[in-house]
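Data block below; observations after.
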Amino acid sequence: MSDAERASEGQTVTVILADDHEIVRDGIRMILESEPNIEVVAEVGDGESARRRTSGLKPDVLVLDLNMPGGSSLPMIPSILEGSPDTAIIALTMQNDPAFARAAFRHGARGYVVKRAAARELIQAIREALSGGTYINPQLGARVAAEPEGPPGGLTAREAEVLALIAQGYTNPEIAERLVVSVRTVETHRAAIHRKVGTTNRAELVRYAREHGLVDAQT
């Protein structure tokens, strides 16, 4: 049933808010509950709680902050949908980045809203998602359409391959063996990856790879 049909029949659209900042949740709740037939049924402050509450309550919509304690919520989207496949997930984030937006939709989000956007964008994203569509800010959407899809962060295809292997736990010599290159070449790729994506250690590389869909959440 579309959002318009729900409204016309007086049915309530149920929403869970997942954001680690209470003041942000309070603001979003005020925005949503100013609309007819929208009810916030739960609030949580981390990704695992979002997964559990969504599975239990099965709301129409989950507004999911992508940056909460425990790391990015992005890799959790498939498991959240496994527990509540009819819930429309609206990603809420500070990342005004085409690659990040692509990753959110690839993981199963139905909307992508940047936090500094106007309040009406979140309402519009919910309405679009409940009507079976998707939503992205028009300016960001134009950038997504204009920029050719490829590895995130300006990485080359080989750098993305090296990054994925690093995130899977392979050492430089093991990567060199798999790719049939020298260890020195792998080290050069690794240095270039750190420079391009702004990381300084392996843990940050793993997080970046997960957030951008280069490896799954279990890696």
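The values are calculated or read from the model by the stated rules, or taken from the named source; none is laboratory data. Remember, it's a predicted structure, so these values are computed and weren't measured experimentally. Counting neighbours? That spans all protein chains shown, and the Cβs are built from the backbone with ideal geometry, glycine included.
Reported count of residues in the range 64-77, each being in contact (Cβ under 8 Å) with a residue 40 or more places away in the chain, farther than 16 Å from Val24 by Cα and outside any loop (DSSP other than H, G, I, E, B), is 5.
Residue-level check: of (1) of a type outside the set (A, V, I, L, M, F, W, C); (2) under 26 Å from Thr12 (Cβ atoms); (3) crowded, with 17+ Cβ neighbours inside 10 Å; (4) free of Cβ contacts under 8 Å to residues at least 40 places away in the same chain, Gly83 misses just (3). As a summary of the residue check, Ser131 satisfies the conditions (1) touching a residue at least 12 places away in the same chain (Cβ under 8 Å); (2) under 28 Å from Thr199 (Cα atoms) except for the one numbered (2).
Tell me, please, whether a residue that is surrounded by fewer than 18 Cβ atoms within 10 Å (Cβ to Cβ), part of a helix (DSSP H, G or I) and among the β-branched types (Val, Ile, Thr) can be found in the range 192-210. No, the range 192-210 has no match at all. Exactly one residue among Ala129, Ala164, Ala118 is more than 29 Å from Val15 (Cβ to Cβ) and either of a type in the set (A, V, I, L, M) or in contact with a strand residue (DSSP E or B) (Cβ under 7 Å, 6 or more places away or on another chain) (or both), and that residue is Ala164. With respect to the stated conditions, Leu74 fails to be buried (at least 16 other Cβ atoms within 10 Å of the Cβ), closer than 22 Å to Arg207 by Cα, over 11 Å from the mean Cα position of the chain (by Cα) and of a type outside the set (S, T, N, Q).
Among helices (runs of 4 or more DSSP H) entirely within the range 84-191, having at least 2 residues that are assigned by TED's automatic domain parsing to the domain that holds Asp20 and either closer than 17 Å to Arg207 by Cα or modelled with pLDDT of 90 or more (or both) singles out 98-107, 119-130. A Cβ distance below 6 Å, combined with a sequence gap of six or more or placement on separate chains, defines the contacts here; from the range 179-195, residues that are touching a residue at least 60 places away in the same chain (Cβ under 8 Å) reach no residue that is surrounded by fewer than 16 Cβ atoms within 10 Å (Cβ to Cβ) and assigned to a helix (DSSP H, G or I).
Take the range 46-62 and flag every residue that is in contact with a Ser or Thr (Cβ under 9 Å, 6 or more places away or on another chain) and part of a helix (DSSP H, G or I).
Taking the range 46-62 as the starting set, the residues that turn out to be in contact with a Ser or Thr (Cβ under 9 Å, 6 or more places away or on another chain) are 46-47, 50-51, 54-62.
Gly47, Ala50, Arg51, Thr54, Ser55, Gly56, Leu57, listed by residue number.
If a residue has to be within 9 Å of the chain's Cα centre (by Cα) and at pLDDT 85 or above to count, how many in the range 62-71 make the cut? Counting residues in the range 62-71 that are within 9 Å of the chain's Cα centre (by Cα) and at pLDDT 85 or above gives 3.
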